[in-house]
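**Student:** The structure's right below; bear with me while I get my questions together.
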Amino acid sequence: MSAGTPRSLASSGQKSIQDICHPLSAEESALSRSPDVLNPSGAGEKDLSLPNGTPVDTSSPASSSSLLNRLQLDDDLDGETRDLFVTVDDPKKHVSTMETYITYRVCTKTTRTEFDLPEYSVRRRYQDFDWLRNKLEESQPTHLIPPLPEKFVMKGVVDRFSEEFVETRRKALDKFLKRVADHPVLSFNEHFNAFLSAKDLNKRQGLALLTKMGESVKYVTGGYKLRGRPIEFAAMGDYLDVFTQKLGTIDRIAQRIIKEQSEFLMELREYGPVYSSWSSFEEELHDPLEGVAGCVSNCSSALDELTEDMSEDFLPVLREYVLYIESMKNVLKKRDQVQAEYETKLEAVVFREDKKTPVPTDVEKCQDRVECFNADLKADWDRWQNNKRQDFRQLLTGMADKNIQYYEKCLAAWESLIPLLQDKQEARGETN
C-alpha cells in the first residue's frame with residue numbers, strides 16, 4: 001500500500017455469503033484434505049504450489065515444525081507490500097500511591113507521509129488502547145473494529161499482574177494494533193496516528209457524539225419495524241450465530257482437557273519419584289528403576305509444555321473470535337438502524353400529499369449512508385473471512401505440531417529405557 005489516501009472499498013462484485021463455508025466444517029478448503037491424499041496415485045502427477053507461485057516440496061518434512069513454517073510462508077511474503085509496522089512489547093509495572101498498572105511499549109516503523117518521523121516508540125496502558133478503539137468506532141461506524149482483550153481478569157487467571165496474564169494481554173494488544181494497521185481505512189485514521197506517535201494522548205470523552213447519534217436514530221426509528229435485512233446480511237447474522245455455538249463448544253471442551261491434563265500432570269509428578277525411592281532398596285534393579293523415574297519426569301515436562309501451549313496459544317484465539325463476532329453483530333445492528341431510518345423517511349415521502357415535490361435531500365443522504373454501510377460491511381466481511389481462515393489454519397497446524405512434539409518426546413523417553421533393560425539382562429546372562 002503506498003502512502004497517501006486510502007484505497008476505496010469495492011461496492012460490488014463481492015463473494016456471495018452462501019459460498020463461504022464454516023471454518024470448522026468438512027467443506028472448508030483451508031482445513032479439508034487435499035485431493036491427493038484421497039488419491040495417492042495422482043500425487044506425483046500434480047505440480048503443487050502456493051497461491052503466490054512458490055513451489056511446494058511434497059517430501060516429508062525434516063521435523064514436525066517445518067510444516068508450520070511452510071504454511072506461514074505466505075504471511076511473511078505479504079509484509080513486502082506493507083508500509084506500516086507496529087509491535088507491542090516490553091511490559092512494565094508501575095506502582096503509585098493511587099493505583100498499580102501495566103504499560104506496554106508501542107514501536108512503529110513507517111514510510112507514510114502522514115507521519116513526521118519514520119520511527120516512533122511510546123508507552124501505552126490498557127485504557128489507552130480502549131480509548132483508541134472507542135475513537136475508531138465513533139469516527140468509522142461503518143467498519144468492523146477489531147476487538148480488544150477483556151478488561152478484567154480472564155477466566156482461569158487470578159493475578160492480573162502475573163507474567164502469564166501480562167504476556168497473554170500483550171499478545172492480544174499486539175494483534176489488535178496489527179489488524180488496525182493492516183486495514184486500508186482504519187490505518188489512516190487520525191486517532192490511530194496520534195496513538196502511535198503522540199507522547200501524551202488528549203483523551204477527551206469521545207463517546208458523547210456517538211451516544212447522541214445513537215439516540216437520534218432510536219428516536220427516528222422508534223415504533224418502526226425493519227422490513228427485513230437483505231438476504232446476504234441476514235446470512236451473515238445466521239453464520240455468526242452458528243460460529244458462536246461452535247466456538248463455545250470447542251472452548252468448553254478445551255478447558256476440560258486442560259483441567260484433566262493438569263490433574264494427570266500432578267499424578268505423574270508423584271508417580272516418578274516412587275520409582276526413584278524404590279531403586280535405593282533394589283541394587284539389581286537400581287538403573288532400570290531410575291530410568292523409569294527419568295522417563296516419567298520427561299513425559300511430565302512434555303505434558304506441562306503441551307498444556308501451557310494450549311492455555312496461552314489456543315484458547316486466546318478462540319476468545320478473540322468470540323469478541324470479533326460481537327463486534328460484527330454490533331456493526332450489523334448499526335447498519336439495520338441506518339436502513340430503518342432510511343425506510344422511515346422514504347415512507348414519509350411516499351405518503352405525503354404533494355407528489356410533485358422532489359425527494360428531500362436528507363432522504364438521498366440517508367440512502368447514500370445505507371449504500372456506504374453495505375459496501376464497507378461487505379469489504380470488511382471478506383477481509384475478516386480471509387483473516388479467519390489464515391488464523392485457524394495456523395492455529396490448528398500449530399496444535400498438531402505441538403501434539404506431534406509431545407508424543408515424540410514421550411516416545412524418545414521410553415525408548416531410552418530399553419538399552420538399560422537389555423544391558424541388565426545381558427549382564428545377568430554372563431553371570432549365569
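**Student:** For region 364-411, which positions are more than 19 Å from the chain's Cα centre (by Cα) and within 15 Å of Asp309 (Cα to Cα)?
**Tutor:** Correct list: Asn403, Ile404, Gln405, Tyr406, Tyr407.
**Student:** Among the residues of region 263-291, what is the count of those that are under 20 Å from Glu305 (Cα atoms) and either touching a residue at least 24 places away in the same chain (Cβ under 8 Å) or open to solvent by less than 30 Å² (accessible area, probe 1.4 Å) (or both)?
**Tutor:** 6
**Student:** Here is a follow-up. Residue under question is Glu305, and the condition is that it be open to solvent by 90 Å² or more (accessible area, probe 1.4 Å), assigned to a helix (DSSP H, G or I) and closer than 22 Å to Tyr407 by Cβ; does it hold? Before you say what the answer is, go through the steps one by one.
**Tutor:** On the way: open to solvent by 90 Å² or more (accessible area, probe 1.4 Å): no; assigned to a helix (DSSP H, G or I): yes; closer than 22 Å to Tyr407 by Cβ: yes.
Answer is no for this residue.
**Student:** Quick one: in region 353-404, which of the residues that are open to solvent by 60 Å² or more (accessible area, probe 1.4 Å) and acidic (Asp, Glu) is modelled with the lowest pLDDT?
**Tutor:** Glu353
Results for (1) under 23 Å from the mean Cα position of the chain (by Cα); (2) modelled with pLDDT of 95 or more; (3) surrounded by 12 or more Cβ atoms within 10 Å (Cβ to Cβ), shown as yes or no for each residue.
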residue	(1), (2), (3)
Lys155	yes, no, no
Arg160	yes, no, yes
Arg170	yes, no, yes
Leu210	no, no, yes
Glu215	no, no, no
Arg229	no, no, yes
Met236	yes, no, yes
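**Student:** From the list Glu408, Glu347, which residue is surrounded by fewer than 18 Cβ atoms within 10 Å (Cβ to Cβ) and either of a type in the set (Gly, Ala, Ser) or more than 30 Å from Ile250 (Cβ to Cβ) (or both)?
**Tutor:** The conditions single out Glu347.
**Student:** Any residue that is assigned to a helix (DSSP H, G or I), at pLDDT 85 or above and among the charged types (D, E, K, R) - is there at least one of those in region 325-332?
**Tutor:** Checking region 325-332: at least one residue is assigned to a helix (DSSP H, G or I), at pLDDT 85 or above and among the charged types (D, E, K, R).
**Student:** Is there a residue in region 309-316 that is free of Cβ contacts under 8 Å to residues at least 24 places away in the same chain, in a helix (DSSP H, G or I) and surrounded by fewer than 18 Cβ atoms within 10 Å (Cβ to Cβ)?
**Tutor:** No, that holds for no residue.
**Student:** Here is a follow-up. Output the qualifying pairs, or none if there are none: Cβ atoms under 6 angstrom, residues six or more apart or on different chains, first residue in region 331-346 and within 14 Å of Asn374 (Cα to Cα), second residue open to solvent by 20 Å² or more (accessible area, probe 1.4 Å) and basic (Lys, Arg).
**Tutor:** Val338/Arg369
The values are calculated or read from the model by the stated rules, or taken from the named source; none is laboratory data. In this text the structure is predicted, and so the values were computed from the model without any measurement. Here Cβ is always computed from backbone atoms with ideal geometry, including for glycine, and neighbour counts include all displayed protein chains. With ligands, DNA and RNA removed, areas are computed over all heavy atoms of the protein, side chains included. Shrake-Rupley method; radii C 1.70, N 1.55, O 1.52, S 1.80 Å.
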